[in-house]
Amino acid sequence: MSAGRSGLSLVTAENPDVATILGSIVTLHAACILNDHTMATFIPPLTQERMQQRWNTFLKEASMGKRVILVSKDPVSERNKAPYDVKLPFNTTEWPAISSNEEVAGVVSLSMPDSETGPFRGVVQNLFVSPYHRRKGVAKNLLDELERQALHRGRWNLMLDTMEGSHAEALYHKLGWEKLGVVRDYGLDPRDGRHINEVFFVKYIRDLAREVRK
């Protein structure tokens, strides 16, 4: 199913290539942990089966209307030079493609809690961008489209969190997210297990409703 912007697609169980896409997402998720030391649920050594199970659960939630999964599909021919020698997970030797010349360049998801007192809330999670497709607006495009998808589902109070001092922290501020504060000792650094702080953000997107209706 296509989303509003070229190259962006919603991931659902109805996608004929959903297994290939999920496999690529898992590789991307693992690569961000190994290369960028992103705190994202898992700590090395990473297990493909364990990570695949998590994304399979996310896919089931999407089928039940409790989650949105959005990917950016970009041509392999439009890769940038990675800023470092990319470590590939799971003993893979090359970045996975989802077609003859297309790969998952980025992914983001929206969790939609089942709450009678907060049916308008959503939590943005798992924003990952391939090291081969950075510095070209992939993250911004994903977040912009996710906001539109959230509004279509009546979700206009969005929250997210990221590691304190990360590149993502500066990005969210630039894109209009409001910093709520820092939670000390929130999680474990995937490199060495030390405690690290997490920054929480909120964004109220009701003002985008007029644009969505156009």
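Bear in mind that the values in this text are calculations on the coordinates, not laboratory data. This structure is a prediction, so every number in the text was calculated from the model and none was measured. Every residue, glycine as well, gets a Cβ built from its backbone with ideal geometry; the counts of neighbours run over all protein chains shown.
Taking other Cβ atoms within 10 Å as a rough exposure proxy, Thr92, Thr27 sort from fewest to most as Thr92, Thr27.
Look at the alpha carbon pairs under 8 Å that are at least 6 residues apart: their mean separation over the length of the stretch 71-157 gives a relative contact order of 32 percent. Counting Cα-Cα pairs of the chain in 5 Å increments starting at 0 gives whole-percent bin shares of 1, 7, 15, 19, 21, 19, 12, 5, 1, 0.
From least to most packed, judged by other beta carbons within 10 angstrom and beginning with the fewest, Asp161, Asp189 follow the order Asp189, Asp161.
Do any of Lys66/Lys174; Lys73/Lys136; Lys140/Lys174; Lys60/Lys179; Lys179/Lys203; Lys73/Lys174 go past 20 Å between their Cα atoms, and which? Please report the intermediate quantities before stating the final value.
Details: Lys66/Lys174 28 Å; Lys73/Lys136 13 Å; Lys140/Lys174 10 Å; Lys60/Lys179 31 Å; Lys179/Lys203 9 Å; Lys73/Lys174 24 Å.
Those over the limit are Lys66/Lys174; Lys60/Lys179; Lys73/Lys174.
The loop-placed GluC sites (Glu not before Pro) in the stretch 79-123, going by DSSP, that have at most 12 neighbouring Cβ atoms within 10 Å of their Cβ come out as Glu94, Glu116.
Only beta bridges with both residues in the stretch 8-213 are counted; by DSSP, about 90 percent of them are antiparallel.
What the Cβ-Cβ distance of Leu180 and Ala19 gives, at R0 = 45 Å and to the nearest 0.05, is a FRET efficiency of 0.75. Between Arg50 and Asn91, the simple label model (points 7 Å from Cα in the Cβ direction) yields a spacing of 1.7 nm.
Across all C-alpha atoms in the stretch 76-154, the radius of gyration and Dmax reach 16.0, 48 Å.
Dipole of the chain, Cα-centred, from +1 at each Lys and Arg C-beta and -1 at each Asp and Glu C-beta, to the nearest 20 debye?
Numbers: 28 positive and 26 negative charges, 111 e Å.
Using Cβ point charges on Lys, Arg, Asp and Glu, the chain gives about 540 debye.
If you take the alpha carbon atoms of the stretch 1-94 and fit the smallest convex hull around them, that volume is 124 Å³ per residue. Only one residue of Pro89, Tyr172, Val18 has its Cα farthest out toward the positive end of the dipole of the stretch 8-213, where Lys and Arg carry +1 and Asp and Glu -1 on Cβ, and that residue is Tyr172.
What helices in the chain pass both tests, a Cα length along the helix axis of 24 Å or more and a mean Kyte hydropathy of 1.0 or higher, using whole DSSP H runs?
Span-like helices, by this rule, are 18-36.
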